[in-house]
Amino acid sequence: MVDSEIVLTGQTVAYTIYCIVIILLMAWFSYRITKSGKQSKVKPALFYSFVAFLVVLGVSLHIITYETIPWSPIDLNRSAYTPDKVFHITVDRHKFILPSEKMVVKCNDLVLFDVKSDDLTYGFGVFRQDNSMLFQMQVVPRHKNDVLWKFTSPGLYTIRSTEYSGPRGVSMVEKDVIEVICP
């Protein structure tokens, strides 16, 4: 599974270039229609060709970046995957109730996090040591809330609530509770 940080970097570069192209087109068009004289008109065929190009580029960009999202094959073919480990986690009164003090996972094991809430909507986010997010999901009361994830890098990971659940939600942090071990 590709690391989510690599995916985010790639998508940031691609969408930044796409936005720059759109801004340049708008600037060119604005300059041409406000200019006086014979050169002031923009030929409709040229303008609509640029618009069509941007539409094709934008749709292609969405399709290509969709294919880079590491968890989409797992989500689309959920029934074909069997988790190597399952962790049942409950969230109640602004507190994560974990199955054990430390959840140990082997590299490349497929892990199912089954998270349940009966009171409020919370977030369930797993964060790296540098505080960047690996993945997250919303935990809705009385609904099935689970995520399958394959850890590819060793280390300690922290769980945090990523959803606003009132002022007490800011303290919903379980530091270094997931340990990934690579042989």
Within segment 69-87, is there a residue that is within 30 Å of PRO167 (Cβ to Cβ) and either surrounded by 14 or more Cβ atoms within 10 Å (Cβ to Cβ) or at pLDDT below 95 (or both)? yes
List pairs: first residue in segment 53-68 and closer than 23 Å to ILE6 by Cβ, second residue not in a helix (DSSP H, G or I) anywhere in the structure, Cβ distance under 9 angstrom, at least six positions apart or on different chains. THR68/VAL2
So, in segment 126-167, of the ones that are without any contact (Cβ under 8 Å) to a residue 60 or more places away in the chain and among the hydroxyl-bearing types (Ser, Thr, Tyr), which residue ends up farthest from GLU5 (Cα to Cα)? TYR164
Consider ASP146 carefully, then state whether it is under 22 Å from ILE74 (Cα atoms) and either more than 18 Å from the chain's Cα centre (by Cα) or surrounded by 16 or more Cβ atoms within 10 Å (Cβ to Cβ) (or both). yes
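Determine, yes or no, whether GLN129 is of a type outside the set (Lys, Arg) and exposed (fewer than 12 other Cβ atoms within 10 Å of the Cβ).
Taking the combined requirement at face value, the residue satisfies it.
The values are calculated or read from the model by the stated rules, or taken from the named source; none is laboratory data. Quick caveat, the model's predicted, so the values are computed rather than measured. As a convention, Cβ positions derive from the backbone with ideal geometry for all residues, glycine included, and neighbour counts pool all protein chains shown.
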